[in-house]
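The values are calculated or read from the model by the stated rules, or taken from the named source; none is laboratory data. What you are looking at is a predicted structure, and each value in this text was computed from that prediction instead of being measured. Cβ coordinates were reconstructed from backbone atoms using ideal geometry, including for glycine residues, and neighbour counts include every protein chain displayed. These accessible areas exclude ligands, DNA and RNA; they are computed on the full protein's heavy atoms, side chains included. Shrake-Rupley method; radii C 1.70, N 1.55, O 1.52, S 1.80 Å.
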Amino acid sequence: MRLSWSALPLALSTALLLTVQDATAADSLKLLSANAGGTPVDFTVKTQILIVMTLLGLLPVLVLMMTSFTRFVIVLSLLRQALGLQQGLPNRLVTGVALILTLLVMRPVGLEVWNKAMLPFDQDKITMQQALDVAQQPISRFMLAQTNKNALAQIAKLSGEDKIARPQDHSFAVKLAAFVLSELKTAFQIGCMLFIPFLVIDLVVSSVLMAMGMMMLSPLVISLPLKLLMFVLVDGWSLTVNTLVTSIQAY
C-alpha cells in the first residue's frame, strides 16, 4: 500500500490526534510545567501539545537568532554588495557559507547542550523543563559574551528589568533581544570595514572615467575586474573568514 504525498499531512494529523487521545486517557504526558508564585502548575495534554508544536514552528528562527548566523550572513551579504556580485554569489551560497561558519563556531556550545541537557533528557534522567533550563545556561553565556553592555542596558530598561545588577540574572528574552541588537551593530561595523577598500576603487575608477570624458561607460565594467583582482591577490576569503570567526568572543 502506497501513501501519496497529498495524504501525508492527513496521516500525520491523525497520528498526532491519536497520540493526544491516548495520552489524555493515560494522563501520562508531562513535558512542560510552570511555576506560579512558587507553586508548580502542570499543563494539560492539549496545552502541552499546542506549546510544543508552536515551538517547533519557531525553532529554526530562534536557533538562528541565538547563534552567530546573523552576524555572518549580514557581513557576507555586504561583502557581495561591495564586490558588485549580486548575480555571481547567489543567496543560497551566502546562506550556506554563513551556516557552515555558524556550525563551526557554535560547536562547543552545541556539545555542551547535548551532553548536559539533551542526553540526560533522552535517558529519562531529567524532565523537559529541566532540560530547557540546563540548555539555556551555555547559550546565555555565549550570548552575553557577544552582547554590548549598552544594548543590554537599553533592552533591560525597555523590559522593566533595569534594576537587575548581574547580566546573567536577566530573563532569557532580554538577553536574546540584546544579543540580536549587538550582533546587528557588530555585523555593520565589520561590513563597513570590508566595504571601504572597494568603495575607494569605485571612486577612483569613476574619477578617471570622468576625467577621460568616458561618461557613457559604466564604472562597474572597469571596477569589477579590479576589485576581484585585488580580492584574490590579498586572499580575501581567508581574511574575511578569519575576521568573522575571531570576532566571536569566548564564553
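State yes or no: is residue 211 hydrophobic (A, V, I, L, M, F, W, C) and touching a residue at least 12 places away in the same chain (Cβ under 8 Å)? No, not satisfied. A count restricted to the range 115-143 and to residues that are in contact (Cβ under 8 Å) with a residue 60 or more places away in the chain and out of contact with any Leu (no Cβ under 8 Å at 6 or more places or on another chain) stands at 4. Are any residues in the range 169-186 closer than 23 Å to residue 102 by Cβ and either acidic (Asp, Glu) or in contact (Cβ under 8 Å) with a residue 24 or more places away in the chain (or both), and if so, which ones? Matches in the range 169-186: 172, 175, 176, 178, 179, 180, 181, 182, 183, 184, 185, 186. Annotation note: of 154, 189, the sole residue that is assigned to a helix (DSSP H, G or I) and without any contact (Cβ under 8 Å) to a residue 12 or more places away in the chain is 189.
Pairs are defined by a Cβ separation below 7 Å, a sequence spacing of at least 6 or placement on different chains, a first member in the range 222-251 that is more than 22 Å from residue 108 (Cα to Cα), and a second member that is open to solvent by 40 Å² or more (accessible area, probe 1.4 Å) and of a type in the set (D, E, K, R); the pairs so defined are 223/202.
Checking each residue of the range 88-104 against the condition of being more than 20 Å from the chain's Cα centre (by Cα) and crowded, with 16+ Cβ neighbours inside 10 Å gives at least one match.
One line per residue, one yes/no per condition, for (1) of a type in the set (Gly, Ala, Ser); (2) open to solvent by 50 Å² or more (accessible area, probe 1.4 Å):
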{"site": "138", "(1), (2)": "no, no"}
{"site": "148", "(1), (2)": "no, yes"}
{"site": "153", "(1), (2)": "yes, yes"}
{"site": "157", "(1), (2)": "no, yes"}
{"site": "190", "(1), (2)": "no, no"}
{"site": "227", "(1), (2)": "no, no"}
